[in-house]
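The values are calculated or read from the model by the stated rules, or taken from the named source; none is laboratory data. Worth saying up front: this structure is predicted, and the values here are computed from it rather than measured. For neighbour counting, all protein chains shown are included, and Cβ atoms are generated from backbone atoms with ideal geometry for every residue, glycine included. Please note that ligands, DNA and RNA were not included when accessible areas were found on the heavy atoms of the full protein model with its side chains. Shrake-Rupley method; radii C 1.70, N 1.55, O 1.52, S 1.80 Å.
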Amino acid sequence: MRRILSSFVLAALLSTSLHAVASAEDLPQVIRLGDVGFGFGTPFGVGLQTIADAKGFVADEFKGTPVKLEWTYFTGTGPAINEALSNGQLDFASYGAVPNIIGKARGLPTRILASYGGTTIFGVSRPDLDIKGVADLKGRKVAIQKATIIHWGLISALKAEGLSEKDVTIVDLKNADQLAALSAGSVDAAFGADFLLPLEAKGLAKVFYKSSDQGASGDGFGAFLGTQDFIDTYPEATQKVVNGLVRAAEWLGHEENREEAFQIWSRAGTPVEIIRKANEGTALRAKYDPRLDDLFRARYRSGIAFDREQKLIRADVDLDAWVESRFLDASLASLDLQGTWPERAAPAALQN
C-alpha cells in the first residue's frame with residue numbers, strides 16, 4: 001500500500017492537468033462513483049450510496065443532460081478505493097473512515113462532502129467454541145481486513161473489555177476469505193459486516209457481538225468524498241451528486257421504504273431475512289444521517305487517533321480543512337430537509 005499511496009500527489013497532478021481544459025460551468029461526460037462491494041459475481045453495496053444508485057436519485061439530478069454515471073463496487077473495500085482514487089479512476093467514493101483517513105494523510109486530494117451513515121459490525125465465532133462475548137476472544141485467532149473500519153471496530157470492542165490487540169492473534173483476510181477460514185476452522189472468530197450472518201443460518205458460526213448494541217459510538221462510520229479536482233472543475237455537478245445522496249438518505253428514513261431497501265441491499269448476496277435481522281431495532285433514519293455534525297466530527301477525530309495509534313499514518317489530518325460542508329448545506333436547504341434528522345451531540349467518551 002505504501003508504494004501506491006506514495007504516488008497520490010503525482011496522480012492528483014496528472015488528473016488536474018487532464019481537467020484543466022474544462023471550464024467550471026461545464027458538466028462532465030462521465031461521473032465515476034465508487035463504493036465498498038460485497039457478494040460474488042457482480043459485487044453490490046449495502047449502504048446509502050447503493051440506494052442512491054438503485055433508486056436513481058443521482059441519475060434524476062442529471063436528467064436532460066448527456067452525463068453518464070459509472071458505479072463501481074470494490075470487493076477490496078477501502079484500500080482498493082484508495083488505489084482507484086490515487087490512479088484517477090474515481091470522482092466520488094463512499095467508504096470507511098480508517099482507509100479514507102489513510103488516503104488523506106498520504107496525499108489523496110479528497111474532500112468530505114457528507115456522512116455515509118453507519119456500519120453495523122458483527123462478531124461471529126465458530127459454533128464449537130465457548131465464545132459468548134468479546135472478553136472470550138483472549139488468546140483466540142480473529143479474522144478481519146486490516147486498515148478498514150472493521151479493524152477499528154475490533155480494537156474498540158477489545159478496549160471496552162479491558163483487552164488490547166496483543167491479547168488476540170489478528171489474521172488479515174478479505175471478506176470472502178474470512179468465510180472460508182471460519183468454515184475450515186483455521187480462525188476462531190471474525191469481525192465484519194452482515195455478510196457474516198448467513199454463516200449463522202447455516203450453523204457454521206454464532207453471533208456474539210453487534211456494534212449497534214453499544215450505543216451511539218458503537219457502529220462503524222465513514223464518509224462520502226469527492227476529489228478536489230472534480231469539485232473545483234464541476235461545482236454544479238458536485239451539487240447534483242450531493243443532492244442525490246441526500247435524497248437517498250431522506251428516502252431511507254421513511255419506515256414504509258424499509259423492506260424495499262432490504263431488497264436492494266440483498267443484491268450483494270445476503271438474503272433479505274438476514275438483512276432484516278441485522279437491522280432489528282435500528283432506525284434507518286438515524287443510521288443514515290448524512291450530516292457533518294458534532295457527532296460525525298468527534299467520531300472522525302477518534303478515527304484519526306486510531307490510525308495514528310496503529311501507525312497507519314504518520315502525518316496528522318486537519319479535519320476542519322478536510323470537511324467541505326457547503327454542498328450538503330445547500331442540499332438540505334433546497335430540499336427543505338434541515339429538520340429531518342434529530343440533533344446529535346458527541347458522547348462524552350469522544351469529546352476532547
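Mind checking which residues of the range 50-71 are hydroxyl-bearing (S, T, Y) and under 19 Å from the mean Cα position of the chain (by Cα)? Answer for the range 50-71, where residues must be hydroxyl-bearing (S, T, Y) and under 19 Å from the mean Cα position of the chain (by Cα): just T50. Selection over the range 126-149 of residues that are open to solvent by 70 Å² or more (accessible area, probe 1.4 Å), more than 22 Å from A201 (Cβ to Cβ) and in a loop (DSSP other than H, G, I, E, B) gives a count of 2.
Annotation note: of W251, W265, the sole residue that is in a helix (DSSP H, G or I) and open to solvent by less than 10 Å² (accessible area, probe 1.4 Å) is W265. With respect to the conditions (1) farther than 16 Å from G47 by Cβ; (2) modelled with pLDDT of 95 or more; (3) crowded, with 21+ Cβ neighbours inside 10 Å, D167 falls short on a single one, namely (3).
Quick grid of which residues meet (1) touching a strand residue (DSSP E or B) at 6+ places or on another chain (Cβ under 6 Å); (2) within 23 Å of T270 (Cα to Cα); (3) open to solvent by 40 Å² or more (accessible area, probe 1.4 Å):
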residue	(1), (2), (3)
V36	yes, yes, no
G41	no, yes, yes
F44	yes, yes, no
T50	no, yes, no
F57	no, no, no
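Just one of (1) open to solvent by 10 Å² or more (accessible area, probe 1.4 Å); (2) at pLDDT 95 or above trips up S86, so point out which. S86 satisfies all of (1) open to solvent by 10 Å² or more (accessible area, probe 1.4 Å); (2) at pLDDT 95 or above except (1). At negative phi, open to solvent by 30 Å² or more (accessible area, probe 1.4 Å) and at pLDDT 95 or above: is that true of Q239 in this structure? Spelling it out, Q239 is indeed at negative phi, open to solvent by 30 Å² or more (accessible area, probe 1.4 Å) and at pLDDT 95 or above. Could you tell me which of the residues S164, S186, S217, S212 is more than 19 Å from S94 (Cβ to Cβ) and either free of Cβ contacts under 8 Å to residues at least 12 places away in the same chain or touching a Cys at 6+ places or on another chain (Cβ under 7 Å) (or both)? Matching residue, one of S164, S186, S217, S212: S164.
Those residues that are assigned to a loop (DSSP other than H, G, I, E, B), within 18 Å of L337 (Cβ to Cβ) and not aliphatic (A, V, I, L, M), I need them from the range 272-311; list them, please. Within the range 272-311, Y288, D289, P290, R291, D293 qualify. Given the criteria open to solvent by 30 Å² or more (accessible area, probe 1.4 Å), touching a strand residue (DSSP E or B) at 6+ places or on another chain (Cβ under 8 Å) and aliphatic (A, V, I, L, M), does L69 qualify? Against the criterion (open to solvent by 30 Å² or more (accessible area, probe 1.4 Å), touching a strand residue (DSSP E or B) at 6+ places or on another chain (Cβ under 8 Å) and aliphatic (A, V, I, L, M)), L69 qualifies. Among the helices (runs of 4 or more DSSP H) confined to the range 23-98, the ones with at least 1 residues that are without any contact (Cβ under 8 Å) to a residue 60 or more places away in the chain are located at 48-54, 77-86.
For the range 328-352, filtered to residues that are loosely packed, with under 12 Cβ neighbours inside 10 Å and outside any helix (DSSP H, G or I), the residue that is modelled with the lowest pLDDT is N352. Going through (1) in a strand (DSSP E or B); (2) farther than 20 Å from D35 by Cβ one by one, Y116 falls short only on (2).
Checking the condition over 21 Å from P198 (Cα atoms) and touching a Lys or Arg at 6+ places or on another chain (Cβ under 8 Å), which residue from A93, A105, A84, A160 passes? Going through A93, A105, A84, A160 in turn, the sole match is A105. Determine, yes or no, whether I144 is among the β-branched types (V, I, T) and over 21 Å from the mean Cα position of the chain (by Cα). Judged against the criteria, I144 is not a match.
Residues of the range 276-319 that are among the charged types (D, E, K, R), open to solvent by 10 Å² or more (accessible area, probe 1.4 Å), under 30 Å from D232 (Cβ atoms) and in contact (Cβ under 8 Å) with a residue 12 or more places away in the chain: R291, D293, D294, R297, R299, R301, R314, D316.
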